[in-house]
Amino acid sequence: QVQMVESGGGLVQPGGSLRLSCAASGSIFSRNNMGWYRQAPGKERELVAYIVTGDRTTYVDSVKGRFTISRDNAKNTLYLQMNNLKPEDTAVFYCNTYPPRMDSWGKGTLVIVSS
């Protein structure tokens, strides 16, 4: 079982930036594709971005050009750099493998974009 601990969320004004981190336990981190997901109030959890072998990345259209996913296998850590944040980015952000393991969801980190 891989445990995820997300951090780095907070309150930010529109146009601001945040960097999320996800510390994952277990050696499985370095052997798996990893993703960031988010759940906005009243909505279902959705995929935001994922990174696969060779550090190839994919983003949903709504965050392309604004978010960057990266990983440090030596530290078992996944990152999400978020720039030019918009109010519609407000959500709890989670990391997990891609596709997600049902037994590996962490508590997430809350991002609020508001003036």
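Heavy-atom accessible area with a 1.4 Å probe sorts K43, K64, largest first, into K43, K64.
For GluC sites (Glu not before Pro), the sites in region 31-96 that DSSP calls loop and that have at most 15 other Cβ atoms within 10 Å are E44. Near V52: Cβ cut-off under 13 Å, other residues only, Lys/Arg at +1 and Asp/Glu at -1. The net charge is +2.
The values are calculated or read from the model by the stated rules, or taken from the named source; none is laboratory data. This structure is a prediction, so every number in the text was calculated from the model and none was measured. Virtual Cβ from ideal backbone geometry, glycine too; neighbours counted across all protein chains shown. Remember, those area values only see protein heavy atoms, side chains included, never the ligands or the DNA or RNA. Shrake-Rupley method; radii C 1.70, N 1.55, O 1.52, S 1.80 Å.
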